[in-house]
1. Restricted to segment 20-34, and to residues that are in contact (Cβ under 8 Å) with a residue 12 or more places away in the chain and surrounded by 14 or more Cβ atoms within 10 Å (Cβ to Cβ), which residue is nearest to the chain's Cα centre (by Cα)?
2. Might you check whether a residue that is in the same structural domain as residue 65 (by TED's automatic domain parsing), in contact with a helix residue (DSSP H, G or I) (Cβ under 6 Å, 6 or more places away or on another chain), farther than 19 Å from residue 3 by Cα and in a loop (DSSP other than H, G, I, E, B) occurs anywhere in segment 141-149?
3. Need pairs with beta-carbon distance below 7 Å; first residue in the same structural domain as residue 226 (by TED's automatic domain parsing) and without any contact (Cβ under 8 Å) to a residue 60 or more places away in the chain and within segment 153-177, second surrounded by fewer than 16 Cβ atoms within 10 Å (Cβ to Cβ) and assigned to a loop (DSSP other than H, G, I, E, B); sequence gap 6+ or separate chains.
4. Considering only residues that are under 13 Å from residue 149 (Cα atoms) and either surrounded by fewer than 16 Cβ atoms within 10 Å (Cβ to Cβ) or free of Cβ contacts under 8 Å to residues at least 40 places away in the same chain (or both), which ones fall in segment 35-46?
5. Name every residue in segment 112-121 that is buried (at least 16 other Cβ atoms within 10 Å of the Cβ) and within 16 Å of residue 65 (Cα to Cα), in order of residue number.
6. Output the residue which, of all residues in segment 240-264 that are assigned to a helix (DSSP H, G or I) and touching a helix residue (DSSP H, G or I) at 6+ places or on another chain (Cβ under 8 Å), is farthest from residue 168 (Cα to Cα).
7. Going residue by residue through segment 209-224, is there one that turns out to be exposed (fewer than 12 other Cβ atoms within 10 Å of the Cβ) and either without any contact (Cβ under 8 Å) to a residue 12 or more places away in the chain or more than 26 Å from residue 84 (Cβ to Cβ) (or both)?
8. Sort through 17, 89, 104 and tell me the only one that's touching a helix residue (DSSP H, G or I) at 6+ places or on another chain (Cβ under 7 Å), in a helix (DSSP H, G or I), surrounded by 13 or more Cβ atoms within 10 Å (Cβ to Cβ) and touching a residue at least 60 places away in the same chain (Cβ under 8 Å).
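The values are calculated or read from the model by the stated rules, or taken from the named source; none is laboratory data. These numbers come from a predicted model, not from an experiment. Every residue, glycine among them, receives a Cβ derived from its backbone with ideal geometry; neighbour counts consider all protein chains shown.
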């Protein structure tokens, strides 16, 4: 019998992809060239990057040897392979890129549903189960979808799907320290986030933790995906370690980048 929680995240990933598709599906060719907050990246770059990572995920699930080759290529240019993959996709042109992204999402959805729920599949970081891979794809789809929405001047309605993003952000706490060569605190934090519908609180970590973070779930997700500057978000930290974490938090693997500048200032974004 399929794991209900895994089936739920697979459905949420499909919904997240469909929502982003609704933003770009009818864009004219010129619209794909619109700049996004990520420096040097257009809307086409954002979709091309998602297509590239969907393809990598599909290989990880269905062809471990093929994924190993893809990972070896990336390892040869760790500082540029993300940009190179996006640039390659942009060259396809808007119509072909859109068609391939859609086909890739459908193929990945099938592979996730067919995967052994207990197996771990290779990735650029630690191996992941299919449900965790789907959560990671949802997080990235949402984050890059935010870049597209910002480029188009669209205000998206936050949904309960953000719980996946928030959970990854909490679980990646120690990674945010490690990627900066810092030592993570020994104690766990308590994170309490107001759900997007305002009807509940999403809680992570021990109730009696001395270090705490509270605020809207949307703001926390924007922070850990580095899609907004902390100064523009209604997040509160209690304790010096929690305070420090909110300055460096990230939910994704790899370098943090420069992040977004405060809304009152000009600056370049991160990918």
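1. Per the stated criteria, the residue is 20.
2. Looking through segment 141-149, none of the residues is in the same structural domain as residue 65 (by TED's automatic domain parsing), in contact with a helix residue (DSSP H, G or I) (Cβ under 6 Å, 6 or more places away or on another chain), farther than 19 Å from residue 3 by Cα and in a loop (DSSP other than H, G, I, E, B).
3. 174/184
4. Residue satisfying the conditions is 35 alone.
5. Once the filter is applied, which keeps residues that are buried (at least 16 other Cβ atoms within 10 Å of the Cβ) and within 16 Å of residue 65 (Cα to Cα), segment 112-121 yields only 121.
6. It comes out as 247.
7. Looking for residues that are exposed (fewer than 12 other Cβ atoms within 10 Å of the Cβ) and either without any contact (Cβ under 8 Å) to a residue 12 or more places away in the chain or more than 26 Å from residue 84 (Cβ to Cβ) (or both), one finds none in segment 209-224, hence no.
8. Numbers: 89 fails: touching a residue at least 60 places away in the same chain (Cβ under 8 Å); 104 fails: touching a residue at least 60 places away in the same chain (Cβ under 8 Å).
When all the criteria are applied, what remains is 17.
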